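Structure first, commentary second.
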Amino acid sequence: MNYTVLRLAGMYTDSIVDGPGVRLSIYVQGCPHCCPGCHNPETHDPLGGFEAETEDLAALIRKHREGIDGVTISGGEPFDQPASLAALAGMVLEEELNLVLYSGYIFEELLAKSSLDQNIRRLLEVGWLLVDGPYRQEERDLNLAYRGSKNQRLIDLKASLDRLEAVEWTGNGW
Ligand code: SF4
């Protein structure tokens, strides 16, 4: 596997819905969760989308550095491409930007996976916020910030790794 290549569904350079502030959002291709009512079914096929080099994405981030508050990696399922994303996350950190991660896995599942995969561990360590869990259309709520259903949580990753349990973000630091 080439760890400098990501399979993507798309990018957006000035999103205001994928986390606090103005964000450069990167949407990965491939998702195994099959949530009924998913708004992005075109991202499910792991062979769909297009390939992008992490270095080219880092250059895009640097180009837009002054106009954004942070970077978001959403999907699709980001944590199914952990090695390339961990490399990209390191580049985000070098730019002193915050990183918001989305996943259809819940935090507790990712924490368990992180003990077996150092790249998942790295992503959790470098990330600022995690929007976790699958979209559940029976819990859909249009008033939630940055997420679509009530089961999904906005998790403070540093506090959660310190306590080894999910700690929801209170809005501090923003
Ligand atoms: S995790 Fe996200 S992209 Fe994947 S099926 Fe669920 S809502 Fe769609």
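The values are calculated or read from the model by the stated rules, or taken from the named source; none is laboratory data. Small disclaimer: the values here were computed from a predicted structure and weren't measured. Cβ placement follows ideal geometry from the backbone for every residue including glycine, while neighbour counts extend to all protein chains displayed. When the accessible area is computed, the model is the full protein with side chains, heavy atoms only, and any ligands, DNA or RNA have been set aside. Shrake-Rupley method; radii C 1.70, N 1.55, O 1.52, S 1.80 Å.
Here are the numbers for the structure shown:
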| read-out | value |
| --- | --- |
| Estimated vicinal HN-Hα couplings, Hz - region 47-60 in sequence order (Karplus 6.51, -1.76, 1.60; Gly, Pro = x) | 9, x, x, 8, 9, 9, 7, 4, 5, 5, 5, 4, 5, 5 |
| Portion, in percent, of the accessible area of the chain that falls on carbon or sulfur, probe 1.4 Å | 49 percent |
| Gain in span if fully extended, residue 34 to residue 109, counting 0.36 nm per residue against the direct Cα distance | 25.3 nm |
| Gain on full stretching of the segment that runs from residue 151 to residue 125 - 0.36 nm per residue minus C-alpha separation | 7.1 nm |
| Solvent exposure, largest accessible area first (probe 1.4 Å, DNA, RNA and ligands not counted), of 39, 33 | 39, 33 |
| Residues residue 60 and residue 143, FRET efficiency given R0 of 35 Å [Cβ-Cβ distance, rounded to 0.05] | 0.65 |
| Additional length obtainable on full extension of the chain from residue 12 to residue 116, 0.36 nm per residue less Cα span | 34.3 nm |
| Cα gyration tensor shape for the chain, rounded if a/c is under 1.5, else prolate or oblate | rounded |
| Heavy-atom accessible area per residue - the chain, 1.4 Å, Å² | 51 Å² |
| Area accessible to solvent at residue 170, 1.4 Å probe radius, in Å² | 110 Å² |
